[in-house]
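Inspection log for the structure reproduced underneath, given as structure tokens.
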Amino acid sequence: MRILVVGGAGYVGSTSVETFIEAGHTVTVYDNLSTGHRDSVVRGARLVVGGMHDRARLERVMREHRIEAVLHCAAKSLVSESMTDPGLYYRHNVAAGIALLEAMRATRVTRIVFSSTAAVYGEPKRVPIAEADRTQPINPYGESKLAFEGAMRWFAAAHGFRAISLRYFNCAGATERNGEDHDPETHLIPIVLRVAAGEQTHVQIFGQDYNTPDGTCIRDFIHVRDLAAAHLLALEATGEADPSFEVYNLGSAAGFSVREVIEAARKVTGRAIPARVVKRRAGDPPRLVASSRRARRDLGWSPRHSTLEQMLADAWAWRLSHAAGYGRRKRRPAARAAAERELERVSAADREADQEIELDTVAIPVGVGSR
Ligand code: UDP
């Protein structure tokens, strides 16, 4: 299969690219490197540096590389950031996403797998959460992902797309080559491991007054290797399907509290990991645990690496072998600013006539965001 992985230089995307290449597929990565890393793209995959809202460029890439299917995992994905800057989330996760769908439509690429999120469920009435349960996001991040799912559904109905949305819960772990390296880092496990490595003095526990056994939030963690395997199964499934839009939860059905994660990390790393309770973080549902029965049944997926200890051990091993992450922190703010400027420019162009959307809009120059 010739696969375009949009956002393929990010944490989840790059690991999926590794899996696709290992399985013998031809992979083109399309990424603006605003948060992704050039070094995370494995040998054998082609990297195109560009913005997702750049529809004309996407069309050219799809034609040139005779793309058959798309994995879309380029998104803004921080709940707290979405609470303070919702526009950013709608621009990236909805508006730019539509440009991708339009580019697919124009080039007759109809197979797409989308990295969605448990945040579409908001505060679930019951756990484990099933796909048919009510979606009512409580933050713009979840709302923007749900809006894009809606667009996929209508593109399936109107244009014959074969679309699958994978709603992840929490992702952790690493491969030998690729791991989690965000700047700023906001996710629990990488922060806990930073503290273990002595880069930070303590972990902040965001709230201990939730209605859970130890008062801290509960999350369902999946190993990034297991997510990558699910992406491949889902892409294969779109090849056989009639025009359709399907949704699958990906989780392990086991939830761990923030305190349990910290405790397990103390054991795995053998380090002290001091923790301090602070007030709740806005937009955090108390408990998110998935029922993945549907993915197991329809896609034949089952998590193989997703014990908490395994995820922590792999993430810790990656950290120890990549002490400076991908080693490019100094240039990153400039890359982010460039990406934002580009998005502003292209969004403005999008608001003009269709004709102008066809113009080759500015892409981030190769080199920005890399070392
Ligand atoms: N969390 C925490 N301290 C941190 C980071 C996260 O207590 O420094 C908590 C957060 O409030 C949530 C859980 O850990 O309940 C998982 O958060 P994360 O940001 O890793 O993922 P999310 O569930 O938001 O996708």
Exercise. Being within 12 Å of the ligand (Cβ to nearest atom) and within 14 Å of the chain's Cα centre (by Cα) is the filter; apply it to segment 129-166 and report the residue that is surrounded by the most Cβ atoms within 10 Å (Cβ to Cβ).
Key: Lys145
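Name the single residue, out of those in segment 65-93 being charged (D, E, K, R) and in a loop (DSSP other than H, G, I, E, B), that is farthest from Val29 (Cα to Cα).
Taking segment 65-93 and keeping what is charged (D, E, K, R), we get 66, 68, 76, 81, 85, 91.
Subset that is in a loop (DSSP other than H, G, I, E, B): 66, 68, 76, 85.
Details: Arg66: 13, Glu68: 14, Lys76: 17, Asp85: 28 Å.
Once the filter is applied, the top-ranked residue is Asp85.
Might you check whether a residue that is closer than 20 Å to Gly122 by Cβ, within 16 Å of the ligand (Cβ to nearest atom), crowded, with 23+ Cβ neighbours inside 10 Å and under 25 Å from the mean Cα position of the chain (by Cα) occurs anywhere in segment 261-278?
Initial filter on segment 261-278 (closer than 20 Å to Gly122 by Cβ): none.
No, that holds for no residue.
How about segment 29-59: which of its residues are in contact (Cβ under 8 Å) with a residue 60 or more places away in the chain and more than 15 Å from the chain's Cα centre (by Cα)? Lay out the reasoning, then the answer.
Residues of segment 29-59 that are in contact (Cβ under 8 Å) with a residue 60 or more places away in the chain, as a first pass: 32-40, 42, 49-51, 53-57.
Passing the criteria: Arg38, Asp39, Val42, Val49, Gly50, Gly51, His53, Asp54, Arg55, Ala56, Arg57.
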Exercise. Would you point out the residue of segment 183-202, among those that are within 11 Å of the ligand (Cβ to nearest atom), in a loop (DSSP other than H, G, I, E, B) and in contact with a helix residue (DSSP H, G or I) (Cβ under 9 Å, 6 or more places away or on another chain), that is nearest to Val289 (Cα to Cα)?
Key: Thr186
Quiz prompt | Single match in Arg91, Arg126 (criterion: surrounded by fewer than 24 Cβ atoms within 10 Å (Cβ to Cβ) and free of Cβ contacts under 8 Å to residues at least 60 places away in the same chain) | solution = Arg126
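Does Ala253 qualify as being part of a helix (DSSP H, G or I), under 24 Å from the mean Cα position of the chain (by Cα) and more than 11 Å from the ligand (Cβ to nearest atom)? It would help to see each step written out before you state the result.
Details: part of a helix (DSSP H, G or I): no; under 24 Å from the mean Cα position of the chain (by Cα): yes; more than 11 Å from the ligand (Cβ to nearest atom): yes.
In short, no.
Being closer than 23 Å to Ala132 by Cα and away from the ligand (no atom under 16 Å from the Cβ) is the requirement here; does Val247 meet it? First the steps, then the outcome.
Working: closer than 23 Å to Ala132 by Cα: yes; away from the ligand (no atom under 16 Å from the Cβ): yes.
Criteria met by Val247.
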Quiz prompt | Selection within segment 77-112 - within 13 Å of the ligand (Cβ to nearest atom) and under 26 Å from Val17 (Cα atoms) | solution = Ser77, Leu78, Val79
Quiz item: (1) outside any loop (DSSP other than H, G, I, E, B); (2) under 21 Å from the mean Cα position of the chain (by Cα): which one isn't true of Glu180, the others all being true?
Solution: (1)
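Considering every residue within segment 70-77, establish whether at least one is more than 14 Å from Val5 (Cα to Cα) and surrounded by 18 or more Cβ atoms within 10 Å (Cβ to Cβ).
Taking segment 70-77 and keeping what is more than 14 Å from Val5 (Cα to Cα), we get 76-77.
Okay, now just the ones that are also surrounded by 18 or more Cβ atoms within 10 Å (Cβ to Cβ), so 76-77.
Within segment 70-77, one or more residues are more than 14 Å from Val5 (Cα to Cα) and surrounded by 18 or more Cβ atoms within 10 Å (Cβ to Cβ).
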Quiz item: Which pairs have Cβ atoms under 6 Å, sit 6 or more apart or on different chains, and link a residue in segment 199-215 that is over 18 Å from Thr186 (Cβ atoms) and touching a residue at least 40 places away in the same chain (Cβ under 8 Å) to one that is more than 10 Å from the ligand (Cβ to nearest atom) and not in a loop (DSSP other than H, G, I, E, B)?
Solution: none
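Identify all residues within segment 203-226 that are touching a Cys at 6+ places or on another chain (Cβ under 6 Å) and either part of a helix (DSSP H, G or I) or away from the ligand (no atom under 16 Å from the Cβ) (or both); write none if there are none.
The first filter runs over segment 203-226 and keeps only residues touching a Cys at 6+ places or on another chain (Cβ under 6 Å), leaving 210, 222, 224.
The one that is touching a Cys at 6+ places or on another chain (Cβ under 6 Å) and either part of a helix (DSSP H, G or I) or away from the ligand (no atom under 16 Å from the Cβ) (or both): Val224.
Could you pull out every one of the helices (runs of 4 or more DSSP H) wholly within segment 259-371 that has 1 or more residues that are in contact with a His (Cβ under 7 Å, 6 or more places away or on another chain), among the hydroxyl-bearing types (Ser, Thr, Tyr) and modelled with pLDDT under 95? Break it down stepwise before answering.
Numbers: elements: 308-321, 332-351, 354-357.
Of the helices (runs of 4 or more DSSP H) lying wholly inside segment 259-371, those with at least 1 residues that are in contact with a His (Cβ under 7 Å, 6 or more places away or on another chain), among the hydroxyl-bearing types (Ser, Thr, Tyr) and modelled with pLDDT under 95 span 332-351.
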Quiz item: Can you name the number of the only condition in (1) more than 20 Å from Asp226 (Cα to Cα); (2) in contact with a His (Cβ under 6 Å, 6 or more places away or on another chain) that Phe114 fails?
Solution: (1)
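Within segment 113-120, is even one residue more than 16 Å from the ligand (Cβ to nearest atom), surrounded by 20 or more Cβ atoms within 10 Å (Cβ to Cβ) and not acidic (Asp, Glu)? Don't jump to the end; show me each part of the working.
Filtering segment 113-120 down to residues more than 16 Å from the ligand (Cβ to nearest atom) leaves 113-114.
Filter again for surrounded by 20 or more Cβ atoms within 10 Å (Cβ to Cβ), leaving 113-114.
Going one step further and asking which of them are not acidic (Asp, Glu), we end up with 113-114.
Yes.
The values are calculated or read from the model by the stated rules, or taken from the named source; none is laboratory data. Source: prediction; values computed, not measured. Virtual Cβ from ideal backbone geometry, glycine too; neighbours counted across all protein chains shown.
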